[in-house]
Amino acid sequence: MEEGRRLPRYAYNWISAAGALVAALALFAIVFLFIISMYLGTENPYLGILIYLILPMILVAGALLIPIGMYVHWRVWQRTGEVPFMRWPHLDLNIERHRNATIVFILGFMAFTLLGSVGTYQAYHFTESVTFCGQTCHAVMKPEFTTYQHSPHARVTCAECHVGAGAGWYAKSKMQGLYQVYAVTFNVFPRPIPTPITSLRPARETCEQCHWPQKFYGAMQRRFDHYRYDKENTRWTLNMLLKVGSGNPATAQESGIHWHINPAVTVEYIARDEKRQDVPWVRVTDKRSGRAEVFQDSAKPLTKEQIAKAEVRKMDCMDCHNRPSHNLFPPDYVMDLEMFAGRVDPSIPQIKLATVTAMAKDYPTEKAAMEGIEREIADFYKKNHAGFYGQKKDLVDKAIKAAQAAFRSNIFPEMKAKWSSYPNDIGHFIFPGCWRCHGGKHKSEGGKIITHNCDVCHIILSQGPGPQKEFVSSEQGLPFQHPVNVGGAEKFIGCFNCHKGVKP
């Protein structure tokens, strides 16, 4: 019997045989599924997990069973006296079976190392891919993945912002991901996913790899087209010059929206709440002179004890651009876009009111929302504009489809995620944003107040309805005119006090 064997006797056992079979089947499945995925030409998150994570682990487990089975039987045979007792396995290359076993081991090790290296490399790239991040946990990440695809960063991978370069942050992100896997598996994750993300890598190590603070200067023109809630859906256009720079490099003048991250200054603050919407304390340090100035909310200042216990955060990109790729827009804003783009006809009477009201209702599921939006808008026109609805039903139906599509892209009932769940700190239209510090309340001990002057950040070039718009070409710009007479209240309170993303 010994002479008929090509390998040592203890290589022939059911444990090793089972391991070899499992490893062979896993290898075949990996190769087969890899060819299928290459042929299809698309990345499927679950197929990727199977190819790069699950099957390789099964392959490794099967391969490990081969030496384990050999060792177990070797020890058993030693105890029963079937083979001479030796402290360590014996290898003699003069024996053909031992040579064969050695050759099989060396070739197998080389093949395993090669395949393992390729597999590890592919697994690394797969776990860094948008497919893995956005679609593996589809229900949980649906709001983030959907909004990401329509964001300015749609061609930037999730990992480039959430992880960045380097092995250290990669390992840290995967360790944090273990709890996320647990939370999803046992359905204990919060709805909506809370922000801000406290473990996010500093913006200077991610955002500033593309955006260069030292080169932020100049201005950009931005036009806002709003439709009012009257019967005619009157369009009100606001054309502004946004001073997005951090200063003028030619004159060394420091001004503009990005002054906050000017390399010559450091801005720090203390937030009273977790979402960083209430900022009662600000410190500005001039790096050249070393002079620091502290500003406190004059209405509700912090005590010395509160300041000593609080976390002082250095201001960076994410303190204003806190929704750079996952912005959930409110119904009021998205319907303005739909009407401006022509997907909703502004000639339909009260269409802005009808669509925004239907979208703003609370629905338990997306399916219920689609049915509810269609029903609400159709009933609105049957009741209030029956004649128009009878003649132009096709226009209303087109508007319904546009409202449904806008809802699916911005509101996610199952995850309880919508515009009001995540404050957006750019501007100050429906959230305090800039007014967290620039509300005219933050004062230093010397009596200096953080500027409340709107013209520091932007000037109005034109405003008004249709051909009646006001125009200006001076550097001072136009004083803001509210589309509806509110008795001058716009001069004293922020937009966000009335505008909440739906009809004020």
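For the reader, a short list of remarks on this structure follows.
- Ranked by the mean number of other Cβ atoms within 10 Å of their residues, highest first, the peptides 55-65, 351-361 fall in the order 351-361, 55-65.
- Note on the stretch 131-189: Cα-Cα pairs beyond 16 Å make up 51% of the total pair count.
- Under the criterion of Cα pairs below 8 Å and six or more residues apart, the relative contact order for the stretch 331-421 equals 35 percent.
- This ranking places TYR269, TYR363 by how few other beta-carbon atoms lie within 10 Å of each, fewest first, which gives TYR363, TYR269.
- Pairs over the 23 Å Cα-Cα cut-off, from the set LYS361/LYS383; LYS361/LYS416; LYS174/LYS215; LYS174/LYS416: LYS174/LYS215; LYS174/LYS416.
- Neighbours of ARG228 by Cβ distance under 13 Å: Lys/Arg scored +1, Asp/Glu scored -1, total -1.
- For the residue pairs LYS300/LYS491; LYS352/LYS392; LYS392/LYS503; LYS243/LYS418, the C-alpha atoms sit more than 18 angstrom apart in LYS300/LYS491; LYS392/LYS503; LYS243/LYS418.
- For ASP425, ASP379, the sequence from fewest to most other C-beta atoms within 10 Å is ASP379, ASP425.
- When each of ASP394, ASP332 is scored by the number of other beta-carbon atoms lying within 10 Å, the sequence from fewest to most is ASP394, ASP332.
- The shape of the stretch 331-421 comes out prolate: with a ≥ b ≥ c from the C-alpha gyration tensor, a/c is at least 1.5 and a/b beats b/c.
- For the pair GLN214 and ALA341, label points projected 7 Å from Cα toward Cβ lie 3.9 nm apart.
- Maximal additional length on extending the HIS90-THR234 stretch stands at 42.7 nm, based on 0.36 nm per residue less the C-alpha distance.
- Listed peptides 15-24, 414-423 by packing density, highest first (mean Cβ within 10 Å): 414-423, 15-24
- Long hydrophobic helices in the chain, taken as whole DSSP H segments with a C-alpha length of 30 Å or more on their own axis and mean Kyte-Doolittle hydropathy at least -1.0: 14-40, 55-80, 96-127.
- The charge dipole of the chain, taken about its Cα centre with unit charges on the Cβ of Lys, Arg, Asp and Glu (plus for the first two, minus for the last two), comes to roughly 440 debye.
- Computed over the chain, the per-residue total of -39500 (n - 2.57) for DSSP H runs of n ≥ 4 gives a 222 nm mean residue ellipticity of -13000 deg cm²/dmol, rounded to 500.
- Three-way shape label, the stretch 354-504, alpha-carbon gyration tensor, a/c 1.5: oblate
- Note on Cα extents along the principal axes in Å: of the candidates (i) 70, 60, 45; (ii) 105, 72, 43; (iii) 88, 60, 37, the value calculated from this structure sits at (ii).
- Sorting 428-440, 157-169 by average packing, meaning the other beta carbons within 10 Å per residue, from highest down gives 428-440, 157-169.
None of the figures in this text is laboratory data; all of them are computed from the coordinates on show. Since the model is a prediction, treat every value here as computed from it, not as a measurement. Virtual Cβ from ideal backbone geometry, glycine too; neighbours counted across all protein chains shown.
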